[in-house]
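> I am attaching a structure below and will ask some questions about it afterwards.
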Amino acid sequence: GEGSAQLTCVLVVVDMRNGLGAVAPLRLRSPEIAMIGGGTINFVTSRLDLRVESLPRSTGFFALDSPLEITGTFDRPSVRMAVGSSVDARTLDRMPALSADLLQLSDRSPCAR
């Protein structure tokens, strides 16, 4: 199905090398759910391969909490339930070493918490 969600917080850290971006962490928050994920974005071929999952403490007892894959091109991404083991949210939720100016910026963001 199709739908939308109001995002109240988006935080993405991308390590760029030769047009390929390693994404971790990717944090999305709405009034209903908080999600964490990561993956890759290829800016040369305009493709992305991301995986996100809900943080269990952000959903209700009866929530499905299935990880999602977001793949495809920038102009035609597709989203589907991921098959296989889920992402290790504890690993993805770590903020990488940032430069002093980026660290100052991230410290002011409520998304970094």
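The values are calculated or read from the model by the stated rules, or taken from the named source; none is laboratory data. Not measured: the values here are computed from a predicted model. Positions of Cβ are backbone-derived with ideal geometry, glycine not excepted, and every protein chain shown enters the neighbour counts. Note: accessible area is taken over every heavy atom of the protein model, side chains too, but ligands, DNA and RNA are not part of it. Shrake-Rupley method; radii C 1.70, N 1.55, O 1.52, S 1.80 Å.
> Could you please find all residues in the stretch 23-43 being within 19 Å of Ser78 (Cα to Cα) and open to solvent by 50 Å² or more (accessible area, probe 1.4 Å)?
Thr40, Phe43
> Would it be correct to say that Arg80 is open to solvent by 30 Å² or more (accessible area, probe 1.4 Å), modelled with pLDDT under 85, out of contact with any Cys (no Cβ under 7 Å at 6 or more places or on another chain) and not in a loop (DSSP other than H, G, I, E, B)?
The answer is no for Arg80.
> Applying the selection to the stretch 6-19, what residues are of a type outside the set (Val, Ile, Thr) and surrounded by 15 or more Cβ atoms within 10 Å (Cβ to Cβ)? Outline the logic, then answer.
Here is the first cut: in the stretch 6-19, the ones of a type outside the set (Val, Ile, Thr) are 6-7, 9, 11, 15-19.
Once the filter is applied, which keeps residues that are of a type outside the set (Val, Ile, Thr) and surrounded by 15 or more Cβ atoms within 10 Å (Cβ to Cβ), the stretch 6-19 yields only Leu11.
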